[in-house]
Amino acid sequence: MSSEPILSINDLSVRIAGLHILQGVSFDVAASGVTVLLGRNGVGKTTTLRAVLGLTPRGGEVRGTVRIGGRDITDQATHRVVRDGLGYVPEDRGIFAGLTVAENLRLAERRGNPRRTGGSSNFSRSWTGGRSSAPAPCPAGSSRCSPSAGSCSTTTGCC
């Protein structure tokens, strides 16, 4: 088994509206085990995850290096980063906790969400929970899902 980290963040910095929001964050995520970002509210946990995925606000500036499996993904579009195996489940997922994942996706289709129309039957199979009520814990690291690294914000869980 390779000792190369599945995810490597090096000297990540974020500036928004001229303000340094995050400075010099570096860490590796091993291919096995669990890595956790811990800290008080407002210290940059979510900003770090969003920057890695390319989800910083317009005008935001991100510097540093992000690698998945040794491959530099720093300047990739968000959809490509997700395709390469990095997932993010924010604390407020905008779902109905009493419904299954498939039911939430069908509801989104009925509401005309163009990002999900027609695709829920395939998408719902990628979640691991069967009758689980929500797609968190994060399925990205699950052995039954194709992505290889998962990230979650605050109170959600990761596999």
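Pulled fully out, how much extra length does the chain show between Ala31 and Ser13, if you take 0.36 nm times their separation in residues and subtract their Cα-Cα distance? Intermediate results must be reported in sequence, preceding the final value.
Details: separation 18, 0.36 × 18 = 6.48 nm, distance 2.40 nm.
Result for the pair: 4.1 nm of gain on full extension.
Look at the dipole of region 49-104 built from charges on Cβ: of Gly69, Gly87, Val101, the Cα furthest out on the positive end belongs to Gly69.
Computed from the coordinates by the stated procedures, all read-outs in this text should not be read as laboratory data. Nothing here was measured: the structure is a model prediction, and the numbers come from that model. All Cβ positions, glycine included, derive from the backbone under ideal geometry; neighbour counts span all protein chains shown.
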